[in-house]
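The values are calculated or read from the model by the stated rules, or taken from the named source; none is laboratory data. Keep in mind it's a predicted model, so treat the numbers as computed, not measured. Note that we place each Cβ from the backbone using ideal geometry, even for glycine, and neighbour counts take in every protein chain shown.
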Ligand code: CA
């Protein structure tokens, strides 16, 4: 899950970043509204966690700008306890949810999961394609009935590809969604991670891995006729 956190209070930003990363999220953080808007408008985030009181553009202005530009990325606003008017205005401006400070990071994680499920219409917690089964809640993975032990990063990568079987994702897309912006796009980290996953999962009866390399482009999750 690729997340943008726009929050100027360092203490809060640190614990939210740490908490989300612990849950396997990829998190980009910025501490002012101007940069927040730029990043939100340019990036392809799954969710944006947006503080209201920010240096530069405030959170409501960022939200308004995004929605006006046709950006529909789910937004959770972080509000101070007494900012009732801000909350109402935020929801009117197209925020999807809000969380009042102080909050537990577990609650934020639960809200994000609920929100993304709601927004994407993916009410199913289990993805199953061509012999690979992935449970988003328990984060268990099984290939042809056998448990596969994936790291958080590996899980997120497989989940990303499985969302659209047959579609080819470029290394850059994968890097952005699974690692965030902190990595040099020329790195071979994606290929290394894919190799590790393919090794862990193994092959089917025909000797084929469910994850295919598409030469010169990227990777895709194999789409079987039965899944079509
Ligand atoms: Ca603030």
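Considering every residue within the range 124-147, establish whether at least one is out of contact with any helix residue (DSSP H, G or I) (no Cβ under 6 Å at 6 or more places or on another chain) and in a helix (DSSP H, G or I). No, that holds for no residue.
Scanning the range 58-78 for residues that are away from the ligand (no atom under 12 Å from the Cβ) and in a loop (DSSP other than H, G, I, E, B) turns up 69, 70, 71, 72, 73, 74.
Screening the candidates 150, 157 for the property of being in contact with a helix residue (DSSP H, G or I) (Cβ under 8 Å, 6 or more places away or on another chain), part of a loop (DSSP other than H, G, I, E, B), at negative phi and at pLDDT 85 or above yields one hit, 150.
Conditions (1) modelled with pLDDT under 95; (2) at positive phi; (3) outside the structural domain of residue 110 (by TED's automatic domain parsing); (4) within 18 Å of the chain's Cα centre (by Cα), marked per residue:
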| residue | (1), (2), (3), (4) |
| --- | --- |
| 42 | yes, no, no, yes |
| 49 | no, no, no, yes |
| 53 | yes, no, no, no |
| 68 | yes, no, no, no |
| 73 | yes, no, no, yes |
| 79 | yes, no, no, no |
| 82 | yes, no, no, no |
| 86 | yes, no, no, no |
| 93 | yes, no, no, no |
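Scanning the range 5-17 for residues that are in contact (Cβ under 8 Å) with a residue 60 or more places away in the chain and either assigned to a strand (DSSP E or B) or surrounded by fewer than 21 Cβ atoms within 10 Å (Cβ to Cβ) (or both) yields 12, 15.
Taking residue 27 as the residue in question, decide whether it is part of a strand (DSSP E or B) and either closer than 30 Å to residue 152 by Cα or within 16 Å of the ligand (Cβ to nearest atom) (or both). Criteria met by residue 27. If you go through the range 182-215 and keep only what is touching a strand residue (DSSP E or B) at 6+ places or on another chain (Cβ under 6 Å) and either in the same structural domain as residue 30 (by TED's automatic domain parsing) or surrounded by fewer than 12 Cβ atoms within 10 Å (Cβ to Cβ) (or both), you end up with just 214. Taking (1) at pLDDT below 95; (2) away from the ligand (no atom under 12 Å from the Cβ); (3) in contact with a strand residue (DSSP E or B) (Cβ under 8 Å, 6 or more places away or on another chain) in turn, residue 4 satisfies each apart from (1).
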